[in-house]
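In what follows, a structure is listed as structure tokens, so that the remarks can point back to it.
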Amino acid sequence: MMKKFIYILLASITLFSGCATNNGPQYDGKNYNQIKRYDMGTVLKSRPVVITDDGDGKFFGALIGTVLGSLVGRSSGKTLAMLGGGIGGYYAGSEIAKANGEELTVRLDNGEDIVVVIKGNFFTAGDRVKIIKDGNRVAQVDRVVE
């Protein structure tokens, strides 16, 4: 029983851990080789926000919780443990997947004011930024030192 738990735990960790070692920005595997456009601007205002789970955390949390719950109990107790594990994993996954972010109000060099929401807390009013776009999506925002 304990061996089975350890094997499942190790398999889950291996499955959900990445292999990339670069600390640079991440690009989606589907669009990393496409032409990107960018705008230059100045941050007018920055405020902290919380970015909620996009659904992945809930899904994987529920899946792992259900698998771990299946290792506990017998017959109807096992069913309840799986149900409880799935519900607990769903909640834990959604909480773990939340991220701190920033809402930036930026005045572009063309005079237009825009709002950009990004993960992390990096910018202050007055910072010059380069906003790299993928269509209407923001791929990344970099501070520009001029």
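Matching residues to (1) closer than 21 Å to A139 by Cβ; (2) exposed (fewer than 15 other Cβ atoms within 10 Å of the Cβ); (3) modelled with pLDDT of 80 or more:
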site: G85; (1), (2), (3): no, no, no
site: Y90; (1), (2), (3): no, no, no
site: G93; (1), (2), (3): no, no, no
site: G101; (1), (2), (3): yes, no, yes
site: T105; (1), (2), (3): yes, no, yes
site: E112; (1), (2), (3): yes, yes, yes
site: V115; (1), (2), (3): yes, yes, yes
site: K119; (1), (2), (3): yes, yes, yes
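Here are some conditions: (1) of a type in the set (S, T, N, Q); (2) in contact with an Asp or Glu (Cβ under 8 Å, 6 or more places away or on another chain); (3) surrounded by 14 or more Cβ atoms within 10 Å (Cβ to Cβ). Q140 meets all but one. Which one does it not meet?
Going through the list (1) of a type in the set (S, T, N, Q); (2) in contact with an Asp or Glu (Cβ under 8 Å, 6 or more places away or on another chain); (3) surrounded by 14 or more Cβ atoms within 10 Å (Cβ to Cβ), Q140 breaks only (2).
Picking from A81, A62, A125, A139, which residue would you name as being of a type in the set (G, A, S) and closer than 18 Å to I51 by Cβ?
Details: A81 fails: closer than 18 Å to I51 by Cβ; A62 fails: closer than 18 Å to I51 by Cβ; A125 fails: closer than 18 Å to I51 by Cβ.
From the options A81, A62, A125, A139, the qualifying one is A139.
The values are calculated or read from the model by the stated rules, or taken from the named source; none is laboratory data. Bear in mind the structure is a predicted one, so any value in this text is a computation, not a measurement. Every residue, glycine among them, receives a Cβ derived from its backbone with ideal geometry; neighbour counts consider all protein chains shown.
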